[in-house]
Amino acid sequence: PPPRPAKPIAKPLSGSAPQTSYLPSDWVSQSMQKFGVNPLYRYLTKVAGKEKTDRLFNLYKVGTSKMWNGATVFWQIDINGNVRAGKIMGYDAKTGHRIKHPFNQVNWVHSVKRVPDFHMKQCLFGEHLLSETSIPASTVAIVESEKTALIAAHFMPDGLWRATGGKNGCFNEKAVRILAHRDVVLM
């Protein structure tokens, strides 16, 4: 059956700012299948192997979309487990590069599913993993791209790798407050 439009789940914020919207968590679990059609998954299995790529996709909650023949969904889940956003990106399975021609394959789950009155407030990609980290003083490494965070987590697994999601992502004072009292390295 076609997916039903969801009403955004909102939690009130103080002041006049619009309420932050959240997506249903079952959308994340529904996307966590059919990795075999996901071009980024196929590329990373050549680099890291299937078992390690499965672990990374499950740990970071990376899903597969029906768009663009299995595009990658990078879910932004905050430290409290709220699904803030899902960025859909197309990749080439042979090179691992983003597809930008004939058009830039980037979209958002709330746009594709036409969620009405959605007020996106991004968080770090991988932020949900901060709640599972038992050592609050551990150094957090921040990169720009979600793909880079995945690759770094594979090759340097001792780091706490997070991503801002690009120049228009969440590299701002409000989004990085979650990192207070931690050592942070920007890459």
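The values are calculated or read from the model by the stated rules, or taken from the named source; none is laboratory data. Because the structure is predicted, anything quoted here is derived from the model rather than measured. Virtual Cβ from ideal backbone geometry, glycine too; neighbours counted across all protein chains shown. Please note that ligands, DNA and RNA were not included when accessible areas were found on the heavy atoms of the full protein model with its side chains. Shrake-Rupley method; radii C 1.70, N 1.55, O 1.52, S 1.80 Å.
Observations on the model:
- Meeting the requirement of 1 or more residues that are closer than 25 Å to K174 by Cβ, the helices (runs of 4 or more DSSP H) wholly within the range 39-154 are 50-60, 109-112.
- Scanning the range 69-82 for residues that are over 20 Å from S21 (Cα atoms) and modelled with pLDDT under 95 gives a single hit, N69.
- Leading residue by the ranking (nearest to D92 (Cα to Cα)) among those in the range 145-167 that are modelled with pLDDT of 85 or more and basic (K, R): K147
- Scanning the range 18-46 for residues being touching a residue at least 40 places away in the same chain (Cβ under 8 Å) and open to solvent by 70 Å² or more (accessible area, probe 1.4 Å) gives a total of 4.
- Meets criteria (hydrophobic (A, V, I, L, M, F, W, C), surrounded by 22 or more Cβ atoms within 10 Å (Cβ to Cβ), out of contact with any Pro (no Cβ under 6 Å at 6 or more places or on another chain) and over 16 Å from K147 (Cβ atoms)) for V83: yes
- Complete set of residues in the range 129-144 that are within 18 Å of F74 (Cα to Cα) and either at pLDDT 95 or above or among the acidic types (D, E) (or both): E144
Per-residue answers, yes or no, for (1) modelled with pLDDT of 95 or more; (2) closer than 19 Å to C123 by Cα:
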| residue | (1), (2) |
| --- | --- |
| K11 | no, yes |
| S14 | no, yes |
| L40 | yes, no |
| V47 | no, no |
| E51 | yes, no |
| K61 | yes, yes |
| R84 | yes, yes |
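- If you go through the range 168-180 and keep only what is open to solvent by 100 Å² or more (accessible area, probe 1.4 Å) and at pLDDT 80 or above, you end up with just R177.
- Residues of the range 100-130 that are open to solvent by less than 70 Å² (accessible area, probe 1.4 Å) and either touching a Cys at 6+ places or on another chain (Cβ under 8 Å) or without any contact (Cβ under 8 Å) to a residue 60 or more places away in the chain (or both): Q105, V106, N107, W108, S111, V112, Q122, C123, L124, E127, L130.
- Residues of the range 66-80 satisfying the condition of being closer than 15 Å to V112 by Cα and open to solvent by less than 20 Å² (accessible area, probe 1.4 Å): G70, A71, T72, V73, F74, W75
- Every residue from the range 154-174 that is more than 14 Å from the chain's Cα centre (by Cα) and small (G, A, S): G159
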